[in-house]
Amino acid sequence: MKLKHIAGAFVALLLAKFLWPLFRFDVPMGYDPGIYRYLFIQYEQALTSFSLPDLLPWAGEHPPGLFLAGAILMKLGISVDTLLSIFWNITPVALALTLAWVKWKKLGVKVGVLVLLMALLSQAYFDGFYAMYFKAYVALIFVCLTYHFVEKFSPWFLLTAFLTVAIHHQTGMVMALALGIWWVAKFPSQRNNKAYRLYSMGILCIAALGLLVYLPHFERVFWSPFKSIFLLRGDNAPAGAFPEASFYLRTMPILLSLGAVGFVRSLKREVGSVWQLSVIVCAVFIVFRLVFYKRFFLHLDFFLLPFAAEGLLWLWDRFVSQYARGVMIILLVVQAVISWKAMMLREPQLPMSALQDIVNMQEVLPEEATVIALENVSGMWLLGWLPHYTVGAPGMFDVPDWTYEDWEIFIDGTTSERKLLLNAIHGEVYFYANALFTSYYGERAESVLADPCLKKVPNTSLVRSSCSGS
């Protein structure tokens, strides 16, 4: 079988893997579809008046790059729900193809084809898709192009590097650290190179532009996380919503071993490449458990994929006996089975019935109403599908401005204590008391819903507060 046929088969399997959830489920997968829907809509509306949207403080922390691009597509007739379905589902396939193309150009067609296989088998790669790390996947496309261009000393890397920074914080940081170390290491040999000096000025301009992009939220986006790298480590560091590294050591031992083999082998070809440095940067965050260290496993896995492809190719060429190659094929099949079983366990956080319930709320909610989720899952879905209402929930939402202790009082306190909390919220206030709330709190939820200040809204999961301030 020719390599182009093998590559075509891998691409077809990648498309099947990442498009199948569209047919299996009626709602988007992941933690963040509500955030993306809300931000796409806000940027699209702001684009009409050629201004930046007036966002909630935490929403303003998200880099604008992806949402500006999405807003333009929406202006061209693409619906927001299409962006969250077919466009998102093909993004991991586009990323795998980009990585394969870059490695094909550098290391040959065989490595490029095997990169597609590694992406197909990787559990971490699918889990990033399941979590809907939309910005990370799009930013990684531009990281691949940046590394491709910078290794050829092409000025195009300045544009793709800027786009990476403008799309995702963490991916931009990994790229900046790896590229910065690589660039400084080139100084002794390139300092008299006119192009090197010119590009160095370009990098400084990108850094300045990136600073301007994040300047309105400098404290929350840059300075606070930067301090946290040094002040918050181990158990004190926020881990991020992603499985533990130990989970992938159990479910991806074959791919990780191939990645280690390929990484070591690559040191014989070159030392200190941007790809090697990216692996090391991600590993440092994970090993030392720095801020959001769990999320960096997605990046670590991604940057190891081409090394895994190199490792497999080296082993295949070195061990030519039918027995040895048969063992390799069996191990790859085992990895495929493990990944398939894990994939089948990944389901959306909300069923279609719950999402439809949220959409139908627009028929009963007054225009100026405030809707507050009573648990920390539904809030983002309310925000995404009710973007023109004031939405609140426990956690990072600014509504209501209750502390953790206030929420405890609301759930377990007396009627008079709840009334004091409700009276501090002005306007028409509704609470979303869905099955997640009742199943999590059990009898405690029943006590809340029995409060005389809360009135059930027929045929919905809403209760209206009759004790809120005017």
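Rule-based calculations on the coordinates, nothing more; no lab input. Not measured: the values here are computed from a predicted model. FYI the Cβ positions are ideal-geometry reconstructions off the backbone, even for glycines, and counts take in every protein chain you see.
Going 7 Å from the Cα of residue 12 toward and past its Cβ, which residues in segment 95-116 have a backbone nitrogen under 18 Å from where you end up?
97, 113-114, 116
Translational D (Stokes-Einstein, µm²/s) of segment 340-410 at 20 °C and 1.002 mPa s when Rh comes from the Kirkwood sum over C-alpha pairs?
Value of D from the Cα-based Kirkwood radius: 157 µm²/s.
Test of understanding: what is the full-extension gain from residue 321 to residue 212, defined as 0.36 nm times their sequence separation minus their Cα-Cα distance?
Extending this stretch completely gives an extra 33.4 nm.
Taking only the C-alpha atoms, wrap a convex hull around the chain and report its volume per residue in Å³ as a whole number.
On the way: hull volume 78.1 nm³, N = 470.
Taking only Cα atoms, the chain has a hull volume of 166 Å³ per residue.
Please report the net charge: other residues with Cβ closer than 15 Å to the Cβ of residue 443, K and R +1, D and E -1.
Neighbourhood net charge equals -2.
Given 0.36 nm per residue, what is the gain on full extension from residue 408 to residue 86 after removing their alpha carbon distance, in nm?
Here the segment from residue 408 to residue 86 would lengthen by 111.9 nm.
For a Förster distance of 45 Å, can you work out the FRET efficiency between the beta-carbons of residue 94 and residue 363, rounded to the nearest 0.05? Walk me through the numbers on the way to the answer.
Working: r = 38 Å, r/R0 = 0.85.
The computed FRET efficiency comes out at 0.75.
FRET efficiency for residue 466 and residue 72, Cβ-Cβ distance as r, R0 = 45 Å, nearest 0.05? Don't skip to the end; give the middle numbers.
Details: r = 45 Å, r/R0 = 0.99.
Computed FRET efficiency for residue 466 and residue 72 comes out at 0.50.
Helix-only mean residue ellipticity at 222 nm, the chain, DSSP H runs n ≥ 4 weighted -39,500 (n - 2.57), per residue, nearest 500. What is it?
Computed mean residue ellipticity for the chain: -20500 deg cm²/dmol.
Determine the equivalent ellipsoid of segment 352-465 by diagonalising the alpha-carbon gyration tensor, then write out the semi-axes as square roots of 5 times the eigenvalues, largest first, rounded to whole Å. It would help to have the intermediate numbers written out before the result.
Values: eigenvalues 81, 47, 39 Å².
Value: 20, 15, 14 Å, ordered largest first.
For segment 398-439, take N as its residue count and report Rg(C-alpha) divided by 2.2 N^0.38 Å. It would help to have the intermediate numbers written out before the result.
Working: Rg = 10.9 Å, N = 42, 2.2 N^0.38 = 9.1 Å.
Normalised Rg, Cα atoms only: 1.20.
Relative contact order for the chain using alpha-carbon pairs under 8 Å, separation at least 6, rounded to a whole percent?
16
Using a Förster radius of 51 Å, what is the FRET efficiency between residue 24 and residue 192 based on their Cβ-Cβ separation? Nearest 0.05, please.
0.30
Compute the distance in nm between two label points, each set 7 Å from the Cα along the Cα-to-Cβ direction, one at residue 153 and one at residue 205.
2.0
Each residue of segment 293-309 in turn: what ³J(HN,Hα) in whole Hz from Karplus with 6.51, -1.76, 1.60 and θ = phi - 60°, glycine and Pro shown as x?
5, 5, 4, 6, 5, 4, 5, 4, 4, 4, 6, 7, 4, x, 5, 4, 4
So in the chain, what percent of DSSP beta bridges are antiparallel if you round to the nearest 5?
Values: 6 of 14 bridges.
Percentage antiparallel, nearest 5: 45.
Mind checking the full-extension length gain between residue 50 and residue 340? Use 0.36 nm per residue of separation minus the Cα-Cα distance, one decimal, nm.
Value of the extension gain: 99.8 nm.
Given a cut-off of 22 Å, name the pairs among 268/294; 4/135; 103/194; 17/135 whose C-alpha atoms lie farther apart than that in the structure shown.
Working: 268/294 30 Å; 4/135 30 Å; 103/194 28 Å; 17/135 20 Å.
Over 22 Å apart, Cα to Cα: 268/294; 4/135; 103/194.
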